[in-house]
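The values are calculated or read from the model by the stated rules, or taken from the named source; none is laboratory data. All of these numbers come straight from a predicted model, not from anything done at the bench. So basically every Cβ, Gly included, is an ideal-geometry build from the backbone, and we count neighbours across all protein chains shown.
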Amino acid sequence: VENGRIWTFHLRDDIFWVRPAETGTSQSTAESVRPVVAADMVYAIQRMCQRATQTPDVVILFLIQGCEQVYNLQEPSATDLNTIGVQAVNDQTLQITLTKPASHFLTISSMWLFHPVPGVEIEQLKEESPEANWLDDVETLLTSGPFFPQANSWGGSRVVLHRNPLWPLAWRGNVDIVNVNFLDSEENALKLWEAKSLDISPIPAAERERLVEDSPTKVHLVSDQTVFYLAFNFDSGVFREAEVRRAFSAAIDRDELVAQVYGGRALSLRHLTPPGVFGAPPLAEVGVGYSPDFARQQLEASGFRSCRLMPPITLMVSTSDLSLLQAELIRNMWINELNCEEDQIQFEQVQFGTLLANTRADAGAARPDIWELGWASYYPDAHNWVGDLLHCTESENRQNRPCSQIDDLIEQADTVTDPAQRIVLYRQIENTLFGADGIMPIIPLYVRGDYQLVQTWLVFSPTTFGGEQFDTYVIDAVTKELEQELERSR
């Protein structure tokens, strides 16, 4: 209600807190303790909002009324905690009040920050054993998901997860047991994978090229929602015109950057929001990307008409070797596609802290014409990208881009509550920013990723944000057994 400021969640009544029950066999089962109720969510959120909990990325929760105020208290009282905008209306009804309307809160509510916590049992444990930590001992650890940890596997080099027999939701996969191994090196993981003893393995850097070439169907690139980009200074005498910004963007071959800088471990981007984020357009559908003819046409349509008539350009990058390599590649692309001269484009390599300081909107004469930066999801929603990174007033707006209609569109996308309508709006926003007539406040380059080795008998969708969805994994047991038998017979 209130256009997305007050959210009411109706909880299921068939999700239970369970603890592992040792059976004396290789199989573990779980025993029910009690149902998960709305009060468990209240306890979880109140706990997260306290400074003593040291919650990572706690600022995400400051969207909840009263959370930031409680976080700033050294020792909040029970009365203070009750000022946080979270309320258990009854066992199955949870109400959360925000500081402002925000449609992206629905996405935030799917994160680990909003996992329930068994408050009654934790407080009881505190009274009985004040020094005990409920997370340290699997006998006191309660879980409420599709898997639970085996009683004797907690805290070692391997955690064994068993399917929760009390889980009521449809099971999309066929996995009953998950073995999570903590190995001392990627090389040892690869040896186990090649011996058919692991379903999934990371790839050591030294073996990457060989495996990509020898086993292309088993090598999967998984992006991690970290995007690298170049940002324009809108106060610069060089990049005030959209035509110039569009020209310099379209002259960059992102695929070549991915190959040369990251050895293929990234996905080139034509728009900002990466795969796996709610509201992200499909790759290669929105935005211009690399288009040399378009780049030259845009530069000719600008007030400069030619790169050689432009003043010197300062590109600020960090001190890493990769940053310098990327800057040199991009400069060569601008030389080749826009006929710029090498000495026109000057590099300024600085420490990362200096880069951040000198690209602030109020940094004055220290600001370069263009600079490199990256952005990673705090929460997997397009608002975290086009809103938190690019909005003219709700972000840092390092570009000093003046407010315009695109900012109204960004605000609209975060107030409508229909998910389908939000997706349409975010596609429109990305096109307005990075299309043929786009504002082009930044140049999205690529989203970082890494390779995984996956056996042919396993089918799953890798998670780009948050925890793995083991309940969706499908294993062809017959193929797995045959391949393992073949490996043993060698």
Test for Gln349: is it crowded, with 21+ Cβ neighbours inside 10 Å and not in a helix (DSSP H, G or I): no
field: region 43-76, residues that are assigned to a loop (DSSP other than H, G, I, E, B) and surrounded by 18 or more Cβ atoms within 10 Å (Cβ to Cβ)
entry: Cys49, Gln50, Gln65, Gly66, Pro76
query: Looking at Leu409, is it assigned to a loop (DSSP other than H, G, I, E, B) and at pLDDT 95 or above?
result: no
task: Would you mention how many residues in region 137-155 are modelled with pLDDT of 75 or more and either part of a strand (DSSP E or B) or more than 26 Å from Asp14 (Cα to Cα) (or both)?
output: 4
task: Pull up region 77-87, narrow it to residues that are assigned to a loop (DSSP other than H, G, I, E, B) and of a type in the set (Gly, Ala, Ser), then point me to the one that is surrounded by the most Cβ atoms within 10 Å (Cβ to Cβ).
output: Gly85
- line: Glu485: passes all of (1) more than 29 Å from Ala266 (Cα to Cα); (2) acidic (Asp, Glu); (3) at pLDDT 95 or above but (3)
query: Inside region 464-490, can you point out the residues that are among the β-branched types (Val, Ile, Thr) and either in the same structural domain as Ile370 (by TED's automatic domain parsing) or in contact (Cβ under 8 Å) with a residue 40 or more places away in the chain (or both)?
result: Thr464, Thr472, Val474, Ile475
Where a residue in region 238-254 is free of Cβ contacts under 8 Å to residues at least 40 places away in the same chain and its partner, wherever it lies, is assigned to a loop (DSSP other than H, G, I, E, B), with Cβ under 7 Å and at least six apart: Arg240/Phe234
message: Could you tell me how many of the residues in region 88-106 are crowded, with 16+ Cβ neighbours inside 10 Å and either more than 27 Å from the chain's Cα centre (by Cα) or part of a loop (DSSP other than H, G, I, E, B) (or both)?
response: 5
query: Which pairs do you get when a residue that is touching a residue at least 24 places away in the same chain (Cβ under 8 Å), found in region 202-215, comes within reach of a residue that is surrounded by 14 or more Cβ atoms within 10 Å (Cβ to Cβ) and of a type in the set (S, T, N, Q), reach meaning Cβ atoms under 9 angstrom, with the pair 6+ apart or on two chains?
result: Pro202/Gln452; Ile203/Gln452
- prompt: Is at least one residue of region 219-232 assigned by TED's automatic domain parsing to the domain that holds Asn339, closer than 30 Å to Asp388 by Cα and in contact with a helix residue (DSSP H, G or I) (Cβ under 6 Å, 6 or more places away or on another chain)?
  reply: yes
